[in-house]
Amino acid sequence: MNNFFKNLAKNEFYKKLLSEPLTYVAGAVLLSLFQIAHFAIFKSGWGVTGAFANWGAWLFQLVGGDVSDWGYFASASRQKTLEGGFLNDGGSIRNLGIMFGALLSTLLASQFKLKQIKALRQVVAAILGGLMMGYGARLANGCNIGALFTALGSWSLSGWVFAAFMLVGAYIGSKLLTKFFM
């Protein structure tokens, strides 16, 4: 088995696709092809954060909560999605595929590392940053995939507005990052 991995590491196909990073152009072309395929198959834009909202609703329902009167889940289609469950939600399955695919890619490229947390403020900043990104994605009705990538591909003005504010947020975030953590 060990010999298999040694031979795999020498394989040019493995090196090009899994070990070395793709170029920006190759990444853009692949993302575009995936978006086109998604739209052709599912007849809807590619999104990520809607499934996370469903995950939160399912967890809330597991502990006895009711989300049926919440504005986001009030529509018949959202209620149908919640009633269908996790395994019947294409967005949830796609998100799991993205997560496991990213993990598998990292493992195959031998880039997986556990890093020691150096300070409690890193944990606090990560939690606050994640909560702010999640809240912002709900306010914008999507993340950088649905509200930016899919919207730009559809020539929607909302995608350009999202891009402008995302750049402003990235600038401010990078300044805060360098000020407090570098």
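Nothing in this text is a laboratory measurement; each read-out follows from the coordinates by a stated rule. Bear in mind that the values here come from a model prediction, so they are computed numbers and not experimental data.
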Could you work out the equivalent-ellipsoid semi-axes for the chain, taking the square root of 5 times each eigenvalue of the Cα gyration tensor, largest first, in whole Å?
31, 23, 21
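What translational D, rounded to a whole number of µm²/s, comes out for the stretch 1-66 from Stokes-Einstein when the hydrodynamic radius is the Kirkwood one over Cα pairs, at 25 °C and 0.890 mPa s?
For these conditions, the coefficient is 154 µm²/s.
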Hey, what number do you get for the chain at 222 nm if only DSSP H runs of n ≥ 4 count, each worth -39500 (n - 2.57), divided across all residues, to the nearest 500?
-21000 deg cm²/dmol
Stokes-Einstein, Kirkwood over Cα pairs, the stretch 115-182, 25 °C, 0.890 mPa s; D in µm²/s equals 184
Rounded, prolate or oblate, given the Cα gyration tensor of the stretch 43-126, with a/c below 1.5 counting as rounded?
oblate
The chain: DSSP helices with Cα axial extent of at least 18 Å and average Kyte-Doolittle hydropathy no lower than 0.0:
24-42, 49-62, 90-108, 120-139, 157-181
Just to be sure I understand: with springs between alpha-carbon atoms less than 10 Å apart, which residue in Ala28, Ala119, Ala40 has the highest mean-square fluctuation in the Gaussian network model of the chain?
Ala119
